[in-house]
Amino acid sequence: KGEIGGSGDQHYHALMMFTKVDKSRSLQDKFRVAMLSMVKHGEFMEGEVLVLHFVSDPASKELGEKMLQEFLLDATFKYEVLFHDVVDLTHKLFPIVEAMQKYFSAGSGAYYSDAIFFLSVAMHQIMPESLTRIVQLDLDLKYRTNIRDLFKEFDRFPPGAVIGITREMQPVYRVGTLAGQGAALARASGTPTCPGTPGPALFLFWAAVLHTFWQYRKENPRTRVGDPPPEGLPGFNSGVMLLDLGAMRESALYNQLLKPSNVAKLADQYRFRGHLGDQDFFTMIGMEHPELFYPLACGWNRQLCTWWRDHGYGDVFQMYYRCEGLVYIYHGNCNSPIPDY
Ligand code: UDP
Ligand code: MN
């Protein structure tokens, strides 16, 4: 599984985006919480190695190396740390994801530097063939269980599934009825802290343009697209993702869907516009081909952001937000505080 070197060790690969960390105290604090909780609960067997991959710029790498020395002190397991240069990866990614950027990036142009937000989408094409499974993790997580258990979820993929992912826990892909849209706009007077949501003035502009499945839902009032679980299809959240790179390489369907003509076709069909990168792409193709995704239990990515509850969607919010059962990983998305317990 995921053999990179020649040793007989079994490697468990985890990747985190780690850019501009030197410039953000808040990101450094999140990184500390994530790594200390991962180390605290992490247990591996003899002959197993946790490989931590970081996608970073030189300044973040330098800081990251220093911080990791401290955070990994109490690790009871073998680990390796690998840094990937964000510029190198962006260079490889851009030609593959350029066509989808205009549908799933903020702004209408395909900015070269935004390609990295689609890393998970084409990771199978740019990582060495010997790397067959990897989990991609946000930095704003808190682990409450052994991260090794997350890798067991790969073994539960049904045939045809290539990615394991948890549903989105806010109505971001509903955004919504005309009334809801109006209310959201009217109430958006505070400072939005939602992922990728710009400051108050810009927000009004974006909220009007980036309405995901809004048009589609208006034209198809009986659709499950954007509806809450369990019957509805609320979309995915990219904070915790299991990428079966081997299956992604083998899946004719998945690779078809990456082609520019097919991206355009689906985006037109669903009238889809987004700004959340890979999460939007997976959400959109998941509406058409749910069999490509293994639905990870909500406890593996328990998102805590409640931004849309207070911005026009309070009436339906709980239907999206509720997550019963054990929480294995908290996700403090949109800068939400994470409980201590
Ligand atoms: N990230 C980064 N540098 C940044 C901002 C984000 O490396 O300046 C990475 C980091 O891994 C983070 C992920 O991108 O966890 C997604 O951003 P964030 O978690 O803040 O978004 P949210 O979950 O709130 O939507
Ligand atoms: Mn996050």
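Annotations
- Within region 102-126, tally of residues that are farther than 27 Å from residue 35 by Cα, in contact with a Gly (Cβ under 8 Å, 6 or more places away or on another chain) and not aliphatic (A, V, I, L, M): 4
- Residues of region 6-54 classified as more than 15 Å from residue 143 (Cβ to Cβ) and within 16 Å of ligand 2 (Cβ to nearest atom), total: 12
So that you can scan it fast, the table gives a plain yes or no per residue for (1) among the charged types (D, E, K, R); (2) touching a helix residue (DSSP H, G or I) at 6+ places or on another chain (Cβ under 9 Å); (3) under 17 Å from residue 228 (Cβ atoms); (4) within 16 Å of ligand 1 (Cβ to nearest atom):
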| position | (1), (2), (3), (4) |
| --- | --- |
| 298 | no, no, yes, yes |
| 317 | no, yes, yes, no |
| 320 | no, yes, yes, yes |
| 328 | no, yes, no, no |
| 334 | no, yes, no, yes |
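- Residues in region 99-108 that are without any contact (Cβ under 8 Å) to a residue 60 or more places away in the chain and in contact with a helix residue (DSSP H, G or I) (Cβ under 7 Å, 6 or more places away or on another chain): 101, 108.
- Condition met for residue 35 (under 20 Å from the mean Cα position of the chain (by Cα), within 30 Å of residue 261 (Cβ to Cβ) and either open to solvent by less than 60 Å² (accessible area, probe 1.4 Å) or among the hydrophobic types (A, V, I, L, M, F, W, C) (or both)): no
- Options 234, 198, 192; residue that is open to solvent by less than 20 Å² (accessible area, probe 1.4 Å) and at pLDDT below 50: 192
- Residue, farthest from residue 146 (Cα to Cα), within region 318-337, restricted to residues that are part of a loop (DSSP other than H, G, I, E, B) and within 11 Å of ligand 2 (Cβ to nearest atom): 336
- Top-ranked residue in region 299-317 [being outside any helix (DSSP H, G or I) and touching a residue at least 40 places away in the same chain (Cβ under 8 Å); ranked as nearest to residue 147 (Cα to Cα)]: 302
- Being of a type in the set (S, T, N, Q), more than 16 Å from ligand 2 (Cβ to nearest atom), touching a helix residue (DSSP H, G or I) at 6+ places or on another chain (Cβ under 9 Å) and closer than 26 Å to residue 250 by Cβ is true of residue 125.
- From the list 279, 256, the lone residue that is assigned to a helix (DSSP H, G or I) and either within 16 Å of ligand 1 (Cβ to nearest atom) or at positive phi (or both) is 279.
The values are calculated or read from the model by the stated rules, or taken from the named source; none is laboratory data. No experiment lies behind these values; they were computed from the predicted model shown. All Cβ positions, even for glycine, are placed from backbone atoms using ideal geometry, and neighbour counts span all protein chains on display. Please note that ligands, DNA and RNA were not included when accessible areas were found on the heavy atoms of the full protein model with its side chains. Shrake-Rupley method; radii C 1.70, N 1.55, O 1.52, S 1.80 Å.
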